[in-house]
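**Q** The structure's right below; bear with me while I get my questions together.
The values are calculated or read from the model by the stated rules, or taken from the named source; none is laboratory data. None of these values were measured; they are calculated from a predicted model. Cβ placement follows ideal geometry from the backbone for every residue including glycine, while neighbour counts extend to all protein chains displayed. The accessibility values were calculated without ligands, DNA or RNA, using every heavy atom of the protein model including side chains. Shrake-Rupley method; radii C 1.70, N 1.55, O 1.52, S 1.80 Å.
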Amino acid sequence: MKNIDSFTHVRGESLFVDDLMLRQDVLIGLCFDSPKAHGKITSVDYSQAEALAGVVKIFTYKDVLGENQIGGIIPDEPLWAEDEVHFCGQPIAFIVAETEAIAKKARALITIEIEELPVITTAKEAKEKGSFINAPRSFKLGDSTSAFSDCEYVFEGETFSNGQEHLYLETQGCYAVPQENGTIKLTSSTQGPTQVQKTAAKVLGIPMHKIEVDVIRLGGGFGGKEDQATPWAVMTAVAVQHLNRPVKYMLNRHDDLRMTGKRHPYTSFYKIGLTKDLKIQAFEVEFLQNSGAAADLSPAIAERTLFHATNSYFIPNVSTTVYSCKTNLPPNTAFRGFGGPQGMFVIESAIADAADKIGVSRTEIQEINLLAENDVFSYGQIATQVAAKNTWFTAKETFNLEELEQEVATFNKENNRHKKGISLMPVTFGISFTNTQMNHARALIHIYQDGSVGVSTGAVEMGQSVNTKMLQVAQSVLGISATKIKLETTNTTRVANTSPSAASSTADLNGKAVEMACTSLLERLSGVAANLLSSEEKNITFQEDFVCIDGQKSTLTWEEVITQAMVERIALSENAHYATPIIHFDKTKEKGHPFAYHVYGTAMTTVTVDCLRGIYEIDAVKIVHDFGTSMNLGIDIGQVEGALAQGIGWMTMEEIAYNNDGRLLSNALSTYKVPDIFSGPKTIETIPLETEGTAMAIKKSKAVGEPPLMYGIGVYFAIQQAVKEFNPNYKLKFHSPFTPEKVLMGLYESLQ
Ligand code: MTE
Ligand code: HPA
Ligand code: MOS
């Protein structure tokens, strides 16, 4: 089945926030944000802006009737700054005007005086100054300190991975409409409708039932709308509360780039110890996460960095610590992989460093240390149904690694202008929200009296095709054709208290709830059908819109059963709740079983570097991926390819830059380069690993949203190998993205 949105997407008919029909009396909102990264606000003069014709009201923290607080994990973030600002782009006021042009004009008329305070932009500096979001976290396994003394080789080094802009095609935005009795309906581009509802209620000082949040779909979220869709929605809600008129606010690209947080940059210090036969015996890392000016999701992201610090390897002695460092950047936030990629980059760097210094290949060390069945992760979970080795060896074999290495060696011998590099990148990613209590979902199914079906869940469609998967689940349980089923918008009045659509877990959690609700409905309908056919309930099934007895199609249709159920006054609606079983985690011990299961895979990457200019091409990325038993291979391979492209962008060309004053320099698409069709791999091949799959995944089809992003890390090491081929004096560096400028400098550093 194709993505059910394909037709309306292609025809431009799919609805996003900006496509909504607006009420006649709508007003337009626009944020006035801090021009400075840190300081005390000594005065703001709104008088000229307020005097402008068409400006209805300018809102500040003084207009908040509830709490001026939007922090989700830690209450450390005001909706609008009060007397201090902590990052460039921090919202200070919200202009509401008759048109966008007037709002923009008004914004230019606001003057502000800020007494500047020292600005911190890097995690290192924050650590030195003791500027943190919260207390550090540490995971420990075995005894790394004593294990190092038994190691033949010990290496230490520093790595840096930069942030990443989400660049969802649809920018942040919300349309808020007053209903009756002080109720407000928000149509928001959010991954977390309940988070928007809860925060709006808190800031407005009203109960949650007075806020309805509706999400049609997002033009991409990628984590950037898990938490950071909330402020804009809350601002429009505050304005509606005061003005009782609809208010719309869509950020333009410049404002979105400047005001929202991104993937966290990390500076990390590792120490790796190996035995003579290349077994990694001990691994220590100190991760410095650049969290930005407020917590946002940083503590949860830091935690996932620790969970994935050893990637696909078993290391018996591990000690990892992460510091969430408070800086004067916009609060950084969730981004596909959620801290996992940052963790994996460090272990892969440590392995590359060790291989280089010992004089063996990186793949040799990787292979020797791959995770096996019943190995323990540093957080106490025992690895089961492990496919780390399986994907690795299948990739080597299927894609003829040996032959390819020969070809690359021959090419490199024969060419000096161009050099090729090759790498393998294994990935092991845990599926579940690391915060156990978030792993639940609900579904509400209505069968209408004509036999058509409406499915509501807490899942937000953001391009990952979760709605198509929900439809497939309902279809397979009910045994009816897809055209009878419609996926409804995600709405807090139909499905309440949802977790955000995130952690790659949306299809699993919501799909299981859909499955449960449909199963309950079917039990009732089987009774009706059995009576009509004078059979027994246990013999009844539904297939292709007909009732079957003992698997044989009868003449009784789905619609006839529904009609009879109405006559018999049987409930045709069902609500179900699913909470992931088994998982648990004890933060006081930092041990437990946080993940329902792991997703595995291995990518093989070849690149060609132009050694005159420093530019490079990705020849091929070939992947063996563990989909379990995919319920929709077209969609899942699409997720692999999209995530890979995003991972490659992060590792190679997407370079976020702030100046020392904390101002974003890469603030437009002319200064921030994302992968396009020309810079992507010339070949991408994705092969599903043959596995049984796990019952914890919906229909045994494993979560796929985030894990493949980390295949992109392989590109970094393939490029590095090519640089080293050209320049044997090149000293390995672990500082991403590996832009053509850095490649060029590497090619010619200390070259005689
Ligand atoms: N794919 C598309 N097209 N657009 C997106 O915004 N978000 C990614 C991934 N794939 C995203 C996407 C992220 S960050 C996550 S966590 C998952 O989808 C969320 O959806 P899932 O839980 O249904 O996999
Ligand atoms: N992944 C993604 N989003 C989250 C998580 C997680 O583990 N925890 C809280 N939000
Ligand atoms: Mo994804 S980063 O969990 O939204």
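**Q** Could you list, in sequence order, the residues of the stretch 626-667 that are under 20 Å from the mean Cα position of the chain (by Cα) and either assigned to a loop (DSSP other than H, G, I, E, B) or among the aromatic types (Phe, Trp, Tyr) (or both)?
**A** ASP626, PHE627, TRP650, MET653, GLU654, GLU655, ILE656
**Q** Answer yes or no as to whether ILE211 is touching a residue at least 60 places away in the same chain (Cβ under 8 Å), more than 24 Å from VAL56 (Cβ to Cβ) and either away from ligand 2 (no atom under 15 Å from the Cβ) or not assigned by TED's automatic domain parsing to the domain that holds ALA81 (or both).
**A** Values: touching a residue at least 60 places away in the same chain (Cβ under 8 Å): yes; more than 24 Å from VAL56 (Cβ to Cβ): no; either away from ligand 2 (no atom under 15 Å from the Cβ) or not assigned by TED's automatic domain parsing to the domain that holds ALA81 (or both): yes.
No, not satisfied.
**Q** Pull up the stretch 43-81, narrow it to residues that are among the β-branched types (Val, Ile, Thr) and either open to solvent by 50 Å² or more (accessible area, probe 1.4 Å) or in contact with a strand residue (DSSP E or B) (Cβ under 9 Å, 6 or more places away or on another chain) (or both), then point me to the one that is farthest from LEU27 (Cα to Cα).
**A** ILE73
**Q** Something else: If ALA507 passes every condition in (1) in contact with a strand residue (DSSP E or B) (Cβ under 8 Å, 6 or more places away or on another chain); (2) assigned to a helix (DSSP H, G or I); (3) more than 16 Å from ligand 3 (Cβ to nearest atom) but one, which one does it miss?
**A** (3)
**Q** Can LEU689 be described as farther than 30 Å from PHE399 by Cα and aliphatic (A, V, I, L, M)?
**A** Values: farther than 30 Å from PHE399 by Cα: no; aliphatic (A, V, I, L, M): yes.
Against the criterion (farther than 30 Å from PHE399 by Cα and aliphatic (A, V, I, L, M)), LEU689 does not qualify.
**Q** Taking the condition in contact with a Gly (Cβ under 8 Å, 6 or more places away or on another chain) and open to solvent by 40 Å² or more (accessible area, probe 1.4 Å), does LEU22 pass?
**A** Details: in contact with a Gly (Cβ under 8 Å, 6 or more places away or on another chain): no; open to solvent by 40 Å² or more (accessible area, probe 1.4 Å): yes.
Taking the combined requirement at face value, the residue does not satisfy it.
**Q** Scan the stretch 354-376 residue by residue and report those that are open to solvent by less than 10 Å² (accessible area, probe 1.4 Å) and either out of contact with any Pro (no Cβ under 9 Å at 6 or more places or on another chain) or assigned to a loop (DSSP other than H, G, I, E, B) (or both).
**A** Within the stretch 354-376, ALA354, ALA355, ILE365, ASN369, LEU371 meet the criteria.
**Q** Right, next: Do any strands (runs of 3 or more DSSP E) entirely within the stretch 106-200 hold 1 or more residues that are open to solvent by 30 Å² or more (accessible area, probe 1.4 Å) and modelled with pLDDT of 95 or more, and if so, which? So that I can check it myself, show each step before the final result.
**A** Numbers: elements: 111-116, 137-141, 153-161, 173-178, 184-188.
Because the criterion is at least 1 residues that are open to solvent by 30 Å² or more (accessible area, probe 1.4 Å) and modelled with pLDDT of 95 or more, the strands (runs of 3 or more DSSP E) in the stretch 106-200 that meet it are 111-116, 137-141, 153-161, 184-188.
**Q** Considering the stretch 291-309 alone, what residues qualify as being among the charged types (D, E, K, R) and part of a loop (DSSP other than H, G, I, E, B)? Outline the logic, then answer.
**A** If we filter the stretch 291-309 for residues that are among the charged types (D, E, K, R), which is where we start, we get 296, 303-304.
Of everything in the stretch 291-309, just one residue is among the charged types (D, E, K, R) and part of a loop (DSSP other than H, G, I, E, B), namely ASP296.
**Q** Quick one: count up the residues across the stretch 310-342 that are outside any loop (DSSP other than H, G, I, E, B) and away from ligand 1 (no atom under 16 Å from the Cβ). I'd like the intermediate steps shown before the answer.
**A** Taking the stretch 310-342 as the starting set, the residues that turn out to be outside any loop (DSSP other than H, G, I, E, B) are 313, 317-326, 340-342.
Keeping just the survivors that are away from ligand 1 (no atom under 16 Å from the Cβ) gives 313, 317-326.
Residues that pass the stated criteria total 11.
**Q** Need pairs with beta-carbon distance below 9 Å; first residue outside the structural domain of THR468 (by TED's automatic domain parsing) and β-branched (Val, Ile, Thr) and within the stretch 492-512, second within 16 Å of ligand 2 (Cβ to nearest atom) and part of a helix (DSSP H, G or I); sequence gap 6+ or separate chains.
**A** none
**Q** Now for a different question. Looking at (1) of a type in the set (Phe, Trp, Tyr); (2) farther than 21 Å from ASN290 by Cβ; (3) open to solvent by 10 Å² or more (accessible area, probe 1.4 Å), can you tell me which one TYR658 breaks?
**A** (2)
**Q** Quick one: count up the residues across the stretch 448-488 that are among the β-branched types (Val, Ile, Thr), more than 16 Å from ligand 2 (Cβ to nearest atom) and open to solvent by less than 10 Å² (accessible area, probe 1.4 Å).
**A** Within the stretch 448-488, the first condition is being among the β-branched types (Val, Ile, Thr), and the residues that meet it are 453, 455, 457, 460, 466, 468, 473, 477, 480, 483, 485.
Subset that is more than 16 Å from ligand 2 (Cβ to nearest atom): 453, 455, 457, 468, 473, 477, 480, 483, 485.
With the extra rule that they be open to solvent by less than 10 Å² (accessible area, probe 1.4 Å), the set shrinks to 453, 455, 457, 468, 473, 480.
Matching residues across the stretch 448-488 total 6.
**Q** Any residue in the stretch 219-239 that is hydrophobic (A, V, I, L, M, F, W, C) and surrounded by fewer than 22 Cβ atoms within 10 Å (Cβ to Cβ)?
**A** At the first step, the residues of the stretch 219-239 found to be hydrophobic (A, V, I, L, M, F, W, C) are 222, 229, 232-235, 237-239.
Still in the list and also surrounded by fewer than 22 Cβ atoms within 10 Å (Cβ to Cβ): none.
Looking for residues that are hydrophobic (A, V, I, L, M, F, W, C) and surrounded by fewer than 22 Cβ atoms within 10 Å (Cβ to Cβ), one finds none in the stretch 219-239, hence no.
**Q** Something else: Go through (1) without any contact (Cβ under 8 Å) to a residue 12 or more places away in the chain; (2) within 16 Å of ligand 1 (Cβ to nearest atom); (3) among the polar types (S, T, N, Q) one by one and return the number of the condition SER432 breaks.
**A** Checking SER432 against (1) without any contact (Cβ under 8 Å) to a residue 12 or more places away in the chain; (2) within 16 Å of ligand 1 (Cβ to nearest atom); (3) among the polar types (S, T, N, Q), the one that fails is (1).
**Q** Based on this model, can you work out whether GLY714 counts as away from ligand 3 (no atom under 16 Å from the Cβ) and either in a loop (DSSP other than H, G, I, E, B) or open to solvent by less than 70 Å² (accessible area, probe 1.4 Å) (or both)? Before the answer, list the steps.
**A** Details: away from ligand 3 (no atom under 16 Å from the Cβ): yes; either in a loop (DSSP other than H, G, I, E, B) or open to solvent by less than 70 Å² (accessible area, probe 1.4 Å) (or both): yes.
Yes; evaluated as a whole, the condition is true for this residue.
**Q** Hey, can you tell me all the residues within the stretch 678-708 that are assigned to a loop (DSSP other than H, G, I, E, B), in contact with a helix residue (DSSP H, G or I) (Cβ under 7 Å, 6 or more places away or on another chain) and polar (S, T, N, Q)?
**A** Result: THR694, single match.
**Q** Can you tell me which residue in the stretch 336-350 is nearest to ligand 3 (Cβ to nearest atom), limited to those that are touching a Leu at 6+ places or on another chain (Cβ under 9 Å) and open to solvent by less than 10 Å² (accessible area, probe 1.4 Å)?
**A** Within the stretch 336-350, the subset touching a Leu at 6+ places or on another chain (Cβ under 9 Å) is 336-341, 343, 349.
Add one more test, that the residue is open to solvent by less than 10 Å² (accessible area, probe 1.4 Å), and what stays is 337, 339-341, 343, 349.
Working: GLY337: 6, GLY339: 9, GLY340: 9, PRO341: 10, GLY343: 14, SER349: 22 Å.
Ranking the candidates gives GLY337 first.
**Q** Can you confirm whether the stretch 542-552 contains a residue that is closer than 30 Å to GLY220 by Cα, away from ligand 1 (no atom under 16 Å from the Cβ), modelled with pLDDT of 95 or more and open to solvent by 40 Å² or more (accessible area, probe 1.4 Å)? Step through it out loud before you land on a result.
**A** Looking only at the stretch 542-552, we keep the residues that are closer than 30 Å to GLY220 by Cα, and these are none.
Scanning the stretch 542-552, I find no residue that is closer than 30 Å to GLY220 by Cα, away from ligand 1 (no atom under 16 Å from the Cβ), modelled with pLDDT of 95 or more and open to solvent by 40 Å² or more (accessible area, probe 1.4 Å), so the answer is no.
**Q** Which residue, of THR384, THR398, THR428, is open to solvent by 10 Å² or more (accessible area, probe 1.4 Å) and within 30 Å of PRO299 (Cα to Cα)?
**A** Values: THR398 fails: within 30 Å of PRO299 (Cα to Cα); THR428 fails: open to solvent by 10 Å² or more (accessible area, probe 1.4 Å).
None of the others qualify; the one that does is THR384.
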